[in-house]
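The values are calculated or read from the model by the stated rules, or taken from the named source; none is laboratory data. None of these values were measured; they are calculated from a predicted model. All Cβ positions, even for glycine, are placed from backbone atoms using ideal geometry, and neighbour counts span all protein chains on display. All accessible areas refer to the heavy atoms of the entire protein, side chains included, with ligands and DNA or RNA removed. Shrake-Rupley method; radii C 1.70, N 1.55, O 1.52, S 1.80 Å.
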Amino acid sequence: APNRSLDPRYRVVANGLVRKVAIAHGRIYLAGDFTAVNGAVRRGLAALDAVSGALSTWGAGFDAGGLVRELSISSIGVYVVGGATGRLWGLDAGTGRVLFARTMLVSALAASSARVYVGGAGAERPVWAVDPLT
């Protein structure tokens, strides 16, 4: 708020740690090791409406199978890394539908509309460029 007080619309309660916050597509995205946000099931990834602060239905069915460690956003997708097996997911920015899921050891992530850049472990291939839709 302009007077530097807390905005009561953004009272968000998660039952675990929120590790990443990003803003795009009219939403505020949260990633972490929670399974519920504001009493609704959200497994590691949630979205709030940026204007109202209300929990969005975007990506409501997503399940990382564990914590979400990384989050990056482009104009066409939302990309997250996590889960017990180390996976990279691409979700459609409009619908929240999963576009792809790949098992990869990922330590860093950055996205554009043309590529998702993945920093990994090992000297053989420390950085990958992945198609953002498949």
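Given the residues Asp49, Asp92, which is the only one that is touching a Lys or Arg at 6+ places or on another chain (Cβ under 7 Å) and either open to solvent by 20 Å² or more (accessible area, probe 1.4 Å) or more than 19 Å from Asp131 (Cβ to Cβ) (or both)? Talk me through it step by step, then tell me what you get.
Working: Asp92 fails: touching a Lys or Arg at 6+ places or on another chain (Cβ under 7 Å).
Being touching a Lys or Arg at 6+ places or on another chain (Cβ under 7 Å) and either open to solvent by 20 Å² or more (accessible area, probe 1.4 Å) or more than 19 Å from Asp131 (Cβ to Cβ) (or both) holds for just one of Asp49, Asp92, which is Asp49.
Please determine, by comparing only the residues of the stretch 110-126 that are in a strand (DSSP E or B), at pLDDT 85 or above and open to solvent by less than 70 Å² (accessible area, probe 1.4 Å), which one is nearest to Ala24 (Cα to Cα).
Just the residues of the stretch 110-126 that are in a strand (DSSP E or B), to begin with: 110-111, 116-120.
Then keep just the ones that are at pLDDT 85 or above; that gives 110-111, 116-119.
Narrowing the set further to residues that are open to solvent by less than 70 Å² (accessible area, probe 1.4 Å) leaves 110-111, 116, 118-119.
On the way: Ala110: 14, Ala111: 13, Val116: 16, Val118: 20, Gly119: 22 Å.
Looking at residues that are in a strand (DSSP E or B), at pLDDT 85 or above and open to solvent by less than 70 Å² (accessible area, probe 1.4 Å), I get Ala111.
Mind checking which residues of the stretch 35-46 are under 11 Å from the mean Cα position of the chain (by Cα) and either in contact (Cβ under 8 Å) with a residue 60 or more places away in the chain or open to solvent by less than 10 Å² (accessible area, probe 1.4 Å) (or both)?
Scanning the stretch 35-46 gives Gly44, Leu45, Ala46.
Could you list all residues from the stretch 5-34 that are surrounded by 15 or more Cβ atoms within 10 Å (Cβ to Cβ) and either hydroxyl-bearing (Ser, Thr, Tyr) or assigned to a helix (DSSP H, G or I) (or both)?
Tyr29
What single numbered condition from (1) part of a loop (DSSP other than H, G, I, E, B); (2) at pLDDT 95 or above fails to hold for Leu91?
(1)
Keeping to the stretch 52-64, report how many residues are within 21 Å of Phe100 (Cα to Cα), part of a loop (DSSP other than H, G, I, E, B) and open to solvent by 50 Å² or more (accessible area, probe 1.4 Å).
2
Any idea how many residues of the stretch 95-109 are open to solvent by 40 Å² or more (accessible area, probe 1.4 Å) and closer than 23 Å to Pro126 by Cβ?
Total meeting the criteria: 6.
Which condition from (1) in contact with a Pro (Cβ under 7 Å, 6 or more places away or on another chain); (2) closer than 23 Å to Ala47 by Cα; (3) of a type outside the set (S, T, N, Q) is the one that Ala108 breaks?
Unmet condition: (1).
Thr85 - would you say it is among the β-branched types (Val, Ile, Thr), open to solvent by 70 Å² or more (accessible area, probe 1.4 Å) and farther than 26 Å from Asp7 by Cβ? Spell out the reasoning first.
Details: among the β-branched types (Val, Ile, Thr): yes; open to solvent by 70 Å² or more (accessible area, probe 1.4 Å): yes; farther than 26 Å from Asp7 by Cβ: yes.
Yes.
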